[in-house]
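Q: The structure under discussion is supplied below as C-alpha cells; questions concerning it will follow.
The values are calculated or read from the model by the stated rules, or taken from the named source; none is laboratory data. As the structure is a computational prediction, the values presented were derived from the model and not from experiment. Backbone-built Cβ (ideal geometry, glycine too); neighbour counts: all protein chains shown. Heads up: the accessible areas ignore ligands, DNA and RNA and are worked out on the full protein's heavy atoms, side chains in. Shrake-Rupley method; radii C 1.70, N 1.55, O 1.52, S 1.80 Å.
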Amino acid sequence: GRIELAQRQQQQQQRALASTTKNLVKTHWKQTQISYQPRRALSTALSPTAAEEDPSSERGAPLFRALTPSVRAAVISDLRSVDAASDGRIGSDDLARLLRKHGDAFSDAEVVELSELFYTSLGASSVDVDRFVEALDAAAAAEEKGDGAEDGPLAGKGKFKTHPLGIGTCASEFLYAKTHGKYSKEDLNIELTHVPPNSLSDKSALFAVKCVRMVFDTATMWNLGSITKEKILNRAIFLETIAAIPGMVAAIIRHFRSLRNMARDGGMLNMFLEEANNERMHLLTFIRMKEPGYLFRAAVVGAQFGFGNFFLAAYMISPKWCHRFVGYIEEEACHTYTTILDEMDDAPPGSELAAWKDEAAPKIAKAYWHLGERGTVHDVMKAVRADEAEHRDVNHAVSGVPEDTVNPLYDPRVKLDTMLKRYVEDIMDKEATKQASTA
C-alpha cells in the first residue's frame, strides 16, 4: 500500500511539473514568436487597444511590435486605396501604385524595379493585406532594433529561404539590376581596408598577390622615378585586360555546375558576369586615352593565356582560394588608384598630371558612370576605384560561403525588406506630421 501511495504521489508531481513546464513554454513562445501568417483580419483590429491586447487572449490578435494603431489604420487605408480588384490582396501593379503615392521615398526607377521584383519573387501571385501589414510591422521592429538584413528575421545569407511576405529567391536567378553609375560622394569616399588572412589558404592567396605585385612593379618600373600619365595608362590598360578574367571564369564554372547539378546558383553567376564586364568597361575607357602598340598587345595575349589557364584550374580546385586571391588583388588595386588620385591632387599647376586631371572624360565613361557633361579624368579614376572597392568587398565576402548563398548584391529578400522599411518610415513621418498639425 505504501508503494502504491508513493507511486501515485510521484505521478501527481510529474503531471504538475509537466503542466508548469508547458505553461512556461507557452508563455515564452507567445512573448517571443513572430507569426507572419494573418491570424485574424487586421481591419477589425484597429481599436486603440489592439496592439496592447493580452498575449494570452484566445482571439489570437497579432502581437504588433512597432506599428501603433493609428499607423496601422493609415497603412490599411493606403493599401485599400491601391487595391484595384478590391479583393484584399496586393499584387505587383497595386504595389507600383502604392510606391508612386510615396514619390518622396521612391524614385520612378525604384518603383519599376521593386514592382517587377515583387511580381517575380511571388511567382506572379499576390499577398493578403493582413500579411503585408504584419510584414511591415516586422520590418519596422527590425529597424528599431537595429537588426541587419543578414541578422534579423526578414532575410539572410543562405540560411533563410522564405520571407514574411512569402517570397523566395528564385528571382535572383534571372534578375540583376546592379549598375556602377550614379555614385554619390559618400560612395566615392573609399576606405582602404584589409582582410587579415586567418587560414593557410588565405595566407597563400595573400602571398601570391604580393609576389605578383612585386614582379609587375619591378617589370614596369612603377616605383622608379615619378608617376606620369604614360605610366598610369600603361599600368591601367594592361591590368584591366587581366582583371576581367576572374569574374568570367567564376561565372562560366558556376553556370556549368548549375546545369550539371540541375540546381540554382543563387544569382552569383550574374554578379560575376557583371563584375567581368565592369572591368572591361574600365579597359574601354582607358584605351580612349591611349592606343596600345603591337608589342603591348602581344604581351596582353600572353598574359591572358597564362593567367586565364591558371585561374581556370585554380577555380575548379578551390573557389574559396580564388575569391580570396581576387579580394587581395582588389585591395592592391584600391591602393594603386588612391596613389594615382593623390598624385593628381598634389601635382603642381601647369604639370602634365595637373592638366590631365581636368581633361574631359571619354564619352563612354561619362555615360557608364553618369559623370555628367563636365566629367573629368579625375572623376573617372574615383569611379574606377569605387568599382574596385566593391569587387574587393564582394570577393572577400563570398570566399568560402555555402553553394546556395544568394547574390549579396541582389538578394530579393533584402531589397524588399528595405522597401518595407522605407515605406513604413514614410507612413510614420506623415502620421507624425498629421498629429503635430492637429495638436
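Q: Along Cα→Cβ, 7 Å out, is where each label goes; now give me the distance between the ones at V301 and D342 in nm to one decimal.
A: With each label placed 7 Å out from Cα toward Cβ, I get 3.9 nm.
Q: Highest first, please rank the peptides 339-351, 389-401 by the mean number of other Cβ atoms sitting within 10 Å of their residues.
A: Result, highest mean first: 389-401, 339-351.
Q: Right, another one. Taking K and R as +1 and D and E as -1, what net charge do the other residues with C-beta under 10 Å from the C-beta of E173 add up to?
A: Computed value for this residue: 0.
Q: Show T120, T418 ordered by accessible area, largest first, where the area counts protein heavy atoms only and the probe is 1.4 Å.
A: These residues rank, largest area first, as T418, T120.
Q: In what sequence, highest mean first, do 189-196, 316-323, 78-85 appear when ranked by Cβ atoms within 10 angstrom?
A: Highest-to-lowest ranking by the protection proxy: 316-323, 78-85, 189-196.
Q: Let me ask another. Count the net charge of all other residues whose Cβ sits under 10 Å from the Cβ of E230, scoring Lys and Arg as +1 and Asp and Glu as -1.
A: +3
Q: Which of the peptides 375-385, 219-229 is most tightly packed, and how do the rest follow, going by the mean number of other Cβ atoms within 10 Å of each residue?
A: 375-385, 219-229
Q: State, as an integer percentage, the relative contact order of region 190-319 based on alpha-carbon contacts under 8 Å between residues 6 or more apart.
A: For region 190-319, the relative contact order is 29 percent.
Q: Can you bin region 312-439 into rounded, prolate or oblate? Criterion: square roots of the alpha carbon gyration tensor eigenvalues sorted a ≥ b ≥ c, rounded for a/c under 1.5, prolate for a/b above b/c, oblate for the rest.
A: oblate
Q: Ranked by accessible surface with a 1.4 Å probe, highest first, in what order do K231, K203 come?
A: Final ranking, largest accessible area leading: K203, K231.
Q: Can you classify region 79-125 as rounded, prolate or oblate using the Cα gyration tensor, where a ≥ b ≥ c are the square roots of its eigenvalues, rounded means a/c under 1.5, and otherwise it's prolate if a/b beats b/c and oblate if not? Don't skip to the end; give the middle numbers.
A: Working: a/c = 3.14, a/b = 1.17, b/c = 2.69.
Cα axes put region 79-125 in the oblate bin.
Q: Over what distance in Å are the Cα centres of region 261-326 and region 356-387 separated?
A: 23 Å
Q: Once the piece of chain linking D93 and T220 is laid out straight, how much longer is it, given 0.36 nm per residue of separation minus the C-alpha distance between them?
A: Numbers: separation 127, 0.36 × 127 = 45.72 nm, distance 5.68 nm.
That works out to 40.0 nm of additional length.
Q: Next question, about the same structure. For S201, S437, what's the largest-to-smallest order of accessible area, 1.4 Å probe?
A: Reading off the accessible areas and sorting them downward yields S437, S201.
Q: Which residue, I340, G327, V398, has the largest displacement toward the positive end of the dipole of region 309-428 when charges sit on each Cβ (Lys, Arg +1; Asp, Glu -1)?
A: So the residue we want is V398.
Q: Also: Just to be sure I understand the model, the point goes 7 Å from the Cα along the line to the Cβ. What's the resulting R260 to C211 distance in nm?
A: Result: 2.7 nm between the two label points.
Q: How far, in nm, would the chain grow between S318 and S70 when pulled straight, counting 0.36 nm per residue and subtracting the alpha carbon separation?
A: Difference between extended and current length: 83.8 nm.
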